[in-house]
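Just dropping this structure here.
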């Protein structure tokens, strides 16, 4: 098996780190305006900003690690699916972040973002197991 560099994963990681940084600055700005600098907040805008940042952090790292492994295992034949999964994950996280920016956080953007994130995660996990299990059994 020839391993190819995980180019699509790297591009997606670049996009996600920029989004994470934007969410970080938005949360920091809310903390500066409303306090507290550390710990729990009571201002709804700040709580939403902190959750946008935290929720992306909770999901992006494991996704990038997983999708990079999947890209390495899939090789060139799996590139289209990697691109689709990466694009869907970025759209899901943008939708979720937008949904968390709304006054009413129970909205289609947030719910859709959660569902799409879960779908991409399960799809990536199942495909990783499908590709890696036979390799473990043969080594």
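Here is a list: 119, 89. Which entry is closer than 26 Å to residue 28 by Cα, in contact with a helix residue (DSSP H, G or I) (Cβ under 8 Å, 6 or more places away or on another chain) and either surrounded by fewer than 16 Cβ atoms within 10 Å (Cβ to Cβ) or in contact (Cβ under 8 Å) with a residue 12 or more places away in the chain (or both)?
Every option except 89 fails the conditions.
Between a first residue in the stretch 51-65 that is at positive phi and without any contact (Cβ under 8 Å) to a residue 12 or more places away in the chain and a second residue that is crowded, with 17+ Cβ neighbours inside 10 Å and assigned to a helix (DSSP H, G or I), which pairs have beta carbons less than 6 Å apart while being 6 or more apart in sequence or on different chains?
Nothing qualifies.
Then there's this: Among the listed residues 57, 10, 37, 22, identify the single one that is modelled with pLDDT under 90 and surrounded by fewer than 18 Cβ atoms within 10 Å (Cβ to Cβ).
Matching residue, one of 57, 10, 37, 22: 37.
Right, here's the next one. Residue 131: touching a helix residue (DSSP H, G or I) at 6+ places or on another chain (Cβ under 7 Å), in a helix (DSSP H, G or I), more than 20 Å from residue 18 (Cβ to Cβ) and at pLDDT 90 or above, yes or no?
The answer is yes for residue 131.
Counting only residues that are surrounded by fewer than 19 Cβ atoms within 10 Å (Cβ to Cβ) and modelled with pLDDT of 95 or more, which one in the stretch 92-101 is farthest from residue 50 (Cα to Cα)?
Restricting to residues being surrounded by fewer than 19 Cβ atoms within 10 Å (Cβ to Cβ) and modelled with pLDDT of 95 or more, the top hit is 94.
Moving to a separate point now. Have a look at 98, 63 and point out the one that is in contact with a helix residue (DSSP H, G or I) (Cβ under 8 Å, 6 or more places away or on another chain), within 17 Å of residue 125 (Cα to Cα) and part of a helix (DSSP H, G or I).
None of the other options fit; the residue is 63.
Turning to a different aspect of this structure: Given the residues 42, 124, 105, which is the only one that is farther than 16 Å from residue 15 by Cα, outside any helix (DSSP H, G or I) and touching a helix residue (DSSP H, G or I) at 6+ places or on another chain (Cβ under 7 Å)?
105
Please count how many residues of the stretch 67-86 are surrounded by fewer than 19 Cβ atoms within 10 Å (Cβ to Cβ) and more than 13 Å from residue 4 (Cβ to Cβ).
Going through the stretch 67-86 one residue at a time, the tally reaches 4.
The values are calculated or read from the model by the stated rules, or taken from the named source; none is laboratory data. If you're wondering where the values come from, they're calculated on a predicted model, not measured in any experiment. Because the Cβ atoms are built from the backbone with ideal geometry, glycine has one as well, and the counts that use them run over all protein chains shown.
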